[in-house]
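Contents: one structure, followed by commentary.
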Amino acid sequence: MKISTLIPSITLGAILALSVTPNLAFAASDDHETKAVADGLTISDQDDAPSKGYIVPDTNIIEMIAASEQHSKLTYALGKTGISSDLALEGPFTVFAPVDSAFDALSAEKAAKLMTGKDNMLLASVLKTHVVAGKWDHFTLKTEIKSAEKGQYELTALNGETLIAQLVEDDVVITDALGNMASITASDLKQNNGIVHVVDTVLKPQSDL
């Protein structure tokens with residue numbers, strides 16, 4: 001006879017934020033699965049409910065991105081254009097932060113043009129395409145998408161570009177004016193001046209045509 005042992009799920013009555021190492025922390029709540037935050041990334045199985053009692057770290061968006069091992073190229077680009085100074089201000093801002101592999105996926109010609117200083121104005125516009133004013137957490141994005149006509153919610157980037165947020169197999173995807181689609185791979189990295197969502201693709205402005 002096979003005996004199954006059931007281990008009940010344990011939840012905490014209040015949010016806990018435990019600093020395990022400088023780069024690793026855990027948080028749990030009544031409404032959410034346990035989250036692990038490591039090297040600037042969040043892993044979560046449930047992002048469909050708003051955070052309650054979330055403890056905001058004493059770091060800003062730029063400090064978080066600079067500390068992430070997966071965002072060295074974004075950090076370089078932000079510093080080269082001076083946008084890092086803007087994103088260190090009070091905000092709030094929401095940043096869709098492409099990982100290094102997203103920059104690696106650019107054509108050699110495009111990467112050279114953006115990352116070698118040949119066209120800093122274009123690079124600045126590309127980076128601003130990833131920034132939206134206000135705090136747009138994962139739950140709010142999903143809520144607005146579900147209530148929007150055709151399931152497509154419009155966001156306005158700092159450079160005036162229109163971004164479309166939509167759900168693809170229940171994942172939030174951000175699409176730029178050129179049709180480039182960036183999936184959110186890690187969400188709700190909340191900083192003291194806004195929120196960072198990690199994305200897998202570099203978004204581009206219309207001027208990149």
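Below are the figures for this structure:
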quantity: Pairs, first closer than 15 Å to L123 by Cβ in segment 69-89, second among the charged types (D, E, K, R), C-beta under 6 Å, six or more apart; calculated: K73/D100
quantity: G134 being exposed (fewer than 15 other Cβ atoms within 10 Å of the Cβ), touching a Phe, Trp or Tyr at 6+ places or on another chain (Cβ under 9 Å) and on the phi > 0 side of the Ramachandran plot; calculated: yes
quantity: Of all residues making up segment 88-108, the number that are more than 16 Å from the chain's Cα centre (by Cα), within 16 Å of K73 (Cα to Cα) and exposed (fewer than 15 other Cβ atoms within 10 Å of the Cβ); calculated: 4
quantity: Residues being under 28 Å from N193 (Cβ atoms), in contact with a helix residue (DSSP H, G or I) (Cβ under 8 Å, 6 or more places away or on another chain) and charged (D, E, K, R) - total across segment 84-118; calculated: 1
quantity: Options T185, T140: the member that is assigned to a strand (DSSP E or B) and either modelled with pLDDT of 95 or more or under 23 Å from A66 (Cα atoms) (or both); calculated: T185
quantity: Qualifying residue in segment 111-123 (condition: closer than 23 Å to L155 by Cα and of a type in the set (S, T, N, Q)); calculated: no
quantity: Residue count for segment 172-209, restricted to those that are crowded, with 22+ Cβ neighbours inside 10 Å, free of Cβ contacts under 8 Å to residues at least 60 places away in the same chain and of a type outside the set (D, E); calculated: 1
quantity: Residue in segment 130-144 that is over 20 Å from V202 (Cβ atoms) and over 19 Å from the mean Cα position of the chain (by Cα) present; calculated: no
quantity: Odd one out for I164 among (1) under 13 Å from the mean Cα position of the chain (by Cα); (2) farther than 23 Å from I62 by Cβ; (3) among the β-branched types (V, I, T); calculated: (1)
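The values are calculated or read from the model by the stated rules, or taken from the named source; none is laboratory data. These numbers come from a predicted model, not from an experiment. Note: ideal-geometry Cβ built from the backbone for every residue, glycine included; neighbour counts use all protein chains shown.
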